[in-house]
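One structure is given below, encoded as structure tokens.
The values are calculated or read from the model by the stated rules, or taken from the named source; none is laboratory data. Remember, predicted model here, so these are calculated numbers, not experimental data. We place every Cβ from the backbone using ideal geometry, glycine too, and count neighbours over all the protein chains shown.
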Amino acid sequence: MNTKEDYINKLGLEPHAEGGWFKDISHSPDKYFAPESDGERYRYTSIIFLLDSSSPSHLHKLNHDEIWFYHDGQPVIIHCISESGKYWTVKLGKDIKNGEVLQYSVPQNTIFGAEIAGSGFGVVSCVVAPGFDYHDFILFTRSELLEQYPQLSAVITKMTVAEK
């Protein structure tokens, strides 16, 4: 059985700005003008992403869809908040008899983050189309989200970093 350290070391994963560890895996061979980004983007990008109980994916938003694929370890819970404030979760994992799913597409402009269920770690792949670019990424502060969605204070506090 692979350990968290095996994945980090053998795959060359590095810390991600939103939490967890990642490595860019692939992207389309060409770029095109993506109107919603007002710029050139790959048609898709793909990463391997590892989360553990000490490092979740903190709440953020992309202006493109992102598809998550479960691979190994503990199930991964994706927390989602729509622009209107609707909250829902999706559990990625292999226990499909109990509602886990192997993949999930997070809709563009959804505020979302992810954590593992329980202790240990979880490994997923994420594909963004059009391709990921930091210009299309917003990592939220706790105060920004609490001001906008006070009714979701428990999940916002859990899935954001405390401000200094």
- Message: Within the stretch 8-26, does at least one residue satisfy the condition of being farther than 27 Å from Leu145 by Cα and of a type in the set (Val, Ile, Thr)?
- Response: yes
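Restricting attention to the stretch 89-120, and to residues there that are aliphatic (A, V, I, L, M) and within 22 Å of Lys23 (Cβ to Cβ), which single residue is surrounded by the fewest Cβ atoms within 10 Å (Cβ to Cβ)?
Here the residue is Leu102.
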- Message: Restricting to the stretch 20-51, count the residues that are among the aromatic types (Phe, Trp, Tyr) and closer than 22 Å to Gly93 by Cα.
- Response: 3
- Message: Being surrounded by 13 or more Cβ atoms within 10 Å (Cβ to Cβ) and either of a type in the set (Phe, Trp, Tyr) or not in a strand (DSSP E or B) (or both) is the filter here; which residues of the stretch 21-42 pass it?
- Response: Trp21, Phe22, Ser28, Ser37, Tyr42
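Hand me the list of strands (runs of 3 or more DSSP E) wholly inside the stretch 70-116 holding 3 or more residues that are of a type in the set (Val, Ile, Thr) and within 24 Å of Leu146 (Cβ to Cβ).
It comes to 76-81.
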- Query: Is one or more of the residues making up the stretch 43-61 part of a strand (DSSP E or B), surrounded by fewer than 17 Cβ atoms within 10 Å (Cβ to Cβ), at pLDDT 95 or above and of a type in the set (Phe, Trp, Tyr)?
  - Reply: no
- Of the residues in the stretch 121-136, how many are surrounded by fewer than 18 Cβ atoms within 10 Å (Cβ to Cβ) and either acidic (Asp, Glu) or in contact with a strand residue (DSSP E or B) (Cβ under 6 Å, 6 or more places away or on another chain) (or both)? 1
- Query: What are the residue pairs meeting all of these: first residue in the stretch 31-50, first residue in contact (Cβ under 8 Å) with a residue 40 or more places away in the chain and farther than 10 Å from Gly131 by Cα, second residue in a strand (DSSP E or B) and polar (S, T, N, Q), Cβ atoms under 8 Å, and 6 or more apart or on different chains?
  - Reply: Ile47/Ser125; Ile48/Ser125; Phe49/Ser57; Phe49/Ser125
